[in-house]
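Engineer: One structure coming up, written as structure tokens, with questions to follow.
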Amino acid sequence: MAAQFASQADLKPKTISFQRLSANCWAFTAEGDPNTGVIVGDDAVMVIDAQATPLMAREVIRRIRKVTSKPIRYVVLTHYHAVRVLGASAYRANT
């Protein structure tokens, strides 16, 4: 039997948290993975890693909107794994 693709191996619902790490930095995690970092700057927001799907990314955006109305101008993708990049399409201009 072939090994499952990493994202398919664990499909159980996970508890999501959006934890403030410092004055301008938050961590969005789903029991440790996937993770998204959020940094609120003077005039914009930077998101680090986009989540695995646009639906999951929209949940990150929803939580960002609870702490700031500044536009999300930057999305940094740290590497090519699906759980990090496939949600990128949800971060369109001025979300």
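The values are calculated or read from the model by the stated rules, or taken from the named source; none is laboratory data. The structure displayed is predicted, hence computed values, not measured ones. We place every Cβ from the backbone using ideal geometry, glycine too, and count neighbours over all the protein chains shown. Quick note on the areas: whole protein, heavy atoms, side chains included, nothing else; ligands and nucleic acids left out. Shrake-Rupley method; radii C 1.70, N 1.55, O 1.52, S 1.80 Å.
Engineer: Under 6 Å between Cβ atoms, at least 6 apart or on separate chains: pull out the pairs that start in region 23-51 with a residue that is within 14 Å of TYR91 (Cα to Cα) and end on any residue that is assigned to a loop (DSSP other than H, G, I, E, B) and hydroxyl-bearing (Ser, Thr, Tyr).
Structural biologist: Listed pairs, sorted by first residue: ASP49/THR78.
Engineer: Next question. Considering region 10-24 alone, what residues qualify as being surrounded by 14 or more Cβ atoms within 10 Å (Cβ to Cβ) and either in contact with a Ser or Thr (Cβ under 6 Å, 6 or more places away or on another chain) or of a type outside the set (S, T, N, Q) (or both)? Let's see the steps before the verdict.
Structural biologist: Taking region 10-24 as the starting set, the residues that turn out to be surrounded by 14 or more Cβ atoms within 10 Å (Cβ to Cβ) are 18, 24.
Result: PHE18, single match.
Engineer: Can you work out which of the residues in region 77-95 that are outside any loop (DSSP other than H, G, I, E, B) and either in contact (Cβ under 8 Å) with a residue 40 or more places away in the chain or open to solvent by 60 Å² or more (accessible area, probe 1.4 Å) (or both) is farthest from ASN24 (Cα to Cα)? Give the steps one after another, and end with the answer.
Structural biologist: Initially, region 77-95 is screened for residues outside any loop (DSSP other than H, G, I, E, B), giving 82-85, 88-90.
Filter once more, keeping what is either in contact (Cβ under 8 Å) with a residue 40 or more places away in the chain or open to solvent by 60 Å² or more (accessible area, probe 1.4 Å) (or both): 82-84, 89-90.
Working: ALA82: 27, VAL83: 24, ARG84: 22, SER89: 24, ALA90: 22 Å.
Residue satisfying both the conditions and the ranking: ALA82.
Engineer: Another one. Where in region 8-60 are there strands (runs of 3 or more DSSP E), lying wholly inside it, with at least 1 residues that are of a type in the set (Val, Ile, Thr) and over 17 Å from THR78 (Cα atoms)? Walk me through it before giving the result.
Structural biologist: Details: elements: 16-22, 25-30, 35-40, 45-48.
In region 8-60, the matching strands (runs of 3 or more DSSP E) lie at 16-22, 35-40.
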